[in-house]
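One structure is given here, and the rest of the page talks about it.
Every number in this text was worked out from the coordinates using simple rules, so none of it is lab data. Being a predicted model, the structure only gives us computed values, none of them experimental. Here the Cβ positions follow ideal geometry from the backbone for every residue, glycine too, while neighbour counts run over all protein chains shown.
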Amino acid sequence: MDTSSKENIQLFCKSSMQPVGRPSLTTEYSPSKEKQQCCGELKVFLGALSFVYFAKALAEGYLKSTITQIERRFDIPSSLVGVIDGSFEIGNLLVITFVSYFGAKLHRPKIIGTGCLIMGVGTLLIAMPQFFMQQYRYEKYSPFSNSTLSISPCLLESDNQLPISIIEKSQSKRSDDHITITPKDPQWVGAWWLGYLIAGIVSLLAAVPFWCLPKSLPRPRSREDSNSSSEKSKFIMDDRTDYQTPHGEKSKIMEMARDFLPSLKNIFGNPLYLLYLCASTVQFNSLFGMVTYKPKYIEQQYGQSASKANFVIGLINIPAVALGIFSGGIVMKKFRISLYGAAKLYLGSSVLGYLLFLSLFALGCENSDVAGLTISYQGTKPVSYHERALFSDCNSRCKCSETKWEPVCGDNGITYASACLAGCQTSTSNGQTMMFYNCTCVGIAASKSGNSSGVMGRCQKDNGCPKMFLYFLVVSVITSYTLSLGGIPGYILLLRCIKPQLKSFALGIYTLAIRVLAGIPAPVYFGILIDTSCLKWGFKRCGSRGSCRLYDSNAFRHIYLGLTVMLGTVSIFLSIAVLFTLKKNCVSKHRSFRTKREGTMVSTTIRKENCTTGDHLLQPNYWPGKETQL
């Protein structure tokens with residue numbers, strides 16, 4: 001398109017925006033009105049976009065908090081839950097290329113609105129299995145929910161001497177969803193689906209404003225004739241003439257295709273970018289795995305309920321991360337830290353954060369005393385776990401099922417896998433409390449009082465565990481703040497180590513690498529390794545293995561913390577390599593700068609002595625800091 005055509009189009013655009021009939025008033029007031037309209041629409045766009053990020057964070061964060069609930073509800077292992085968690089990143093990868101290419105050519109606000117609709121519908125679909133699958137059934141011995149009738153668990157499971165009418169009554173009681181457990185029970189599953197419905201509705205509401213916004217924001221008239229416009233105006237203004245020339249667009253695409261491989265080679269040929277990419281990928285593997293299973297770790301290690309674990313993470317850890325990121329940005333701005341200083345701050349925060357993380361190894365709780373799993377029926381430690389370890393002479397006549405997990409806490413402080421395995425002869429129920437009496441296995445390891453009764457549910461951990469949990473929270477908050485302190489310096493390092501024309505491409509590769517190499521695999525292999533610490537697996541009705549009922553606390557702690565620290569240590573060494581590479585480049589460029597500067601000074605002296613005064617028009621093609629400018 002020639003220059004005259006462009007001028008005609010610009011003239012048409014300007015004139016078409018003027019009101020009809022009052023040209024004199026339009027000339028006086030139109031610029032201010034356009035500016036107010038532009039600023040108003042820009043504020044609406046920023047507010048709507050912020051609300052979208054809130055909706056996305058709500059859905060993704062809630063998914064992390066319901067990991068253990070989903071595992072119990074659908075009776076699946078942690079490795080499969082990790083695949084579910086990683087599928088969030090898989091969904092991003094399916095559309096990221098399409099959106100990044102066509103997003104700039106189509107109606108951007110409507111593209112964002114469409115994405116919000118898809119995200120909202122997807123979030124709602126996560127909750128749908130709750131309504132289409134069968135009702136959740138937890139393993140619980142409850143033949144009579146509200147009855148004082150004495151029943152023998154041992155006879156019920158071994159001899160089947162109860163009348164059929166009583167068994168049918170028991171099953172009908174269970175089918176009526178009369179809850180006989182409390183939130184403290186390890187089999188408790190709350191309304192995990194409710195949060196997905198709320199997050200889905202919020203995502204759908206976030207899409208509404210984008211359907212009311214124009215394709216592009218109008219540039220204020222006072223800036224249209226300016227030769228140098230601000231970066232904000234360039235960002236919000238579309239060059240519509242580019243989309244009106246199909247031939248030019250086709251040639252532009254061909255040119256981009258030819259430059260793809262050279263640009264990719266240029267980016268990966270940058271050792272600083274490559275090392276930082278590797279360091280970030282390894283570190284995000286550590287962080288993603290740690291965050292995904294942190295609620296589960298709190299539940300299993302410190303005996304806390306799922307609701308309390310998620311509450312303390314949301315109340316303490318997330319604000320600490322936000323404050324750390326904000327503090328990192330303030331430090332960078334206030335002290336005007338250089339690129340080399342940003343690399344040192346990024347490395348220092350990682351080193352200090354993982355050193356603090358090491359202290360969590362000493363802040364664990366011992367295993368609960370579970371007969372046949374962590375302790376013998378006689379109350380001695382340790383016990384060698386084997387296939388028949390749950391059986392003993394005290395429950396041999398009962399012929400109990402080894403697959404069931406209906407924990408009973410004996411008066412001796414030992415937990416038994418079921419009332420039958422505890423050898424209990426009679427039981428009474430009063431609402432949510434069920435008592436068992438004359439338990440032969442409890443009697444052989446009982447205290448001096450010789451009491452042989454028990455109550456439904458697991459025994460609480462030792463008295464020192466709540467104190468350890470408090471220390472864990474303090475160290476966890478400080479660690480989260482310290483690690484997030486290097487977030488902004490690391491991002492600045494990423495932006496400044498590449499050429500300006502390759503920033504967008506490099507950021508895309510960085511995001512893709514983090515999602516593919518960290519977001520997807522980390523929850524999976526963390527879950528697989530955590531499953532190796534399981535002591536008691538649940539079984540589904542079809543006979544296949546379900547979710548883990550009891551973990552070895554010591555093994556769980558060493559796997560969870562050890563894998564996090566190991567990955568963090570690897571990322572620290574890669575960050576050190578980044579620092580040395582940056583220092584080497586700065587030193588070499590400084591030497592090159594001094595050499596060129598000395599040569600320039602010598603040539604300037606020679607020109608002053610031998611050349612005429614007219615030679616002062618010849619300026620050198622060098623200025624201080626040219627080689628060090630990134």
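Using a simple spin-label model with pseudo-atoms 7 Å out from Cα toward Cβ, residue 54 and residue 336 lie 3.7 nm apart.
The H on the amide N of residue 426, modeled in the peptide plane, is under 5 Å from the matching H of 437, each at least 5 residues off or on a different chain.
Summarising the amide proton neighbourhood of residue 537: residues at separation of 5 or more, or on other chains, whose placed amide H is nearer than 5 Å comprise 549. List, in the order given, every pair from 334/499; 399/536; 43/503 whose Cα-Cα distance in the structure shown is over 30 Å. Among 334/499; 399/536; 43/503, the Cα-Cα distance tops 30 Å for no pair. Extension gain for residue 355 to residue 463 (0.36 nm times residue separation, less C-alpha to C-alpha distance): 36.1 nm. Taking label points 7 Å from Cα along the Cα-to-Cβ direction, residue 259 and residue 311 give a separation of 5.6 nm. Relative to one another, the C-alpha centroids of the stretch 459-513 and the stretch 538-582 are positioned 16 Å apart.
Karplus-derived 3J(HN,Hα) values for the stretch 401-413, using 6.51 cos²θ - 1.76 cosθ + 1.60 with θ = phi - 60°, are 7, 7, 8, 7, 10, 10, x, 10, 9, x, 5, 7, x Hz; glycine and proline are entered as x.
For the pair residue 110 and residue 495, the difference between a 0.36 nm per residue extended length and the Cα-Cα distance amounts to 135.7 nm.
What FRET efficiency comes out for the pair residue 513/residue 212, r = Cβ-Cβ distance, R0 = 51 Å, nearest 0.05? For residue 513 and residue 212, the calculated efficiency is 0.90. Between residue 135 and residue 532, the modelled label-to-label distance comes to 4.1 nm, taking each label 7 Å out from Cα in the direction of the beta carbon. For residue 555 and residue 433, the difference between the fully extended length at 0.36 nm per residue and the C-alpha to C-alpha distance is 40.7 nm.
Remark: the stretch 295-308, residue by residue, has Karplus-estimated 3J(HN,Hα) of x, 5, 5, 5, 5, 6, 7, 10, x, 8, 6, 5, 5, 5 Hz, where x stands for each Gly or Pro and the curve is 6.51 cos²θ - 1.76 cosθ + 1.60 at θ = phi - 60°.
Pop the C-beta distance of residue 44 and residue 586 into the FRET formula with R0 = 41 Å and round what comes out to the nearest 0.05. With a Förster radius of 41 Å, E is 0.40.
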